[in-house]
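Worksheet: the structure to be examined is printed underneath.
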Amino acid sequence: MMRFLKKLRVLALLIIMVSAVTNVSAASENNDFDWDPVVDAIIHVESRGNAWARNGQYVGVLQMSPVVVKAVNQILQKRGSRKRYTLKDRYSEKKSREMFDIFMSYYNPGNNVEKAIRMWKGGTGYSVRATQKYYRTVMKYVDFD
């Protein structure tokens, strides 16, 4: 009887864990978090809103790199979407915002604003120390109202 109860508990825990993972995945794919105040601030810091801004491989209002476009396309592929972005799409503010949202829904499903800002500057493996100045600068322009 004890063995049966242990197996039942393990089974119940597995069901709860699978359910939680499924819910988190669905939430991250259908992310309705409003990134606009953060993106607006990043745009101000990165390009002052100039869609044709260019700094080496970084272009557009968000100064997006080819690596981000590739990562977004890989995320879309994993999700079974046929949609893909091109390097030219970085010059479109609308498409850049879409890519930002997709990137964050995958790498920042908890919608952590600080993490989003730091990742935008330092990548997914950012250093807090190396992104501190950027984080403070962007936060000066974030307006949640």
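The values are calculated or read from the model by the stated rules, or taken from the named source; none is laboratory data. None of the values given here were measured: they were computed from a predicted structure. Cβ atoms come from the backbone with ideal geometry, glycine included; neighbour counts cover every protein chain shown. The accessibility values were calculated without ligands, DNA or RNA, using every heavy atom of the protein model including side chains. Shrake-Rupley method; radii C 1.70, N 1.55, O 1.52, S 1.80 Å.
Placing GLU93, GLU46 in order of accessible area, with the largest value first and a 1.4 Å probe, yields GLU93, GLU46. With the simple model of a label 7 Å out from the Cα in the direction of the Cβ, ASN112 to SER127 spans 1.9 nm. Which net charge results when you count Lys and Arg as +1 and Asp and Glu as -1 among the other residues whose beta-carbon is under 14 Å from that of ALA116? The answer is -2. Dipole orientation for region 85-145: of the candidates SER92, MET119, PRO109, MET119 has the Cα lying most toward the positive pole (charges on Cβ; Lys, Arg +1; Asp, Glu -1). Where q = 0.11 Å⁻¹, what log10 of I(q)/I(0) comes from the Debye formula for region 58-145, counting one point per Cα? Summing over Cα pairs of region 58-145 leads to -0.31.
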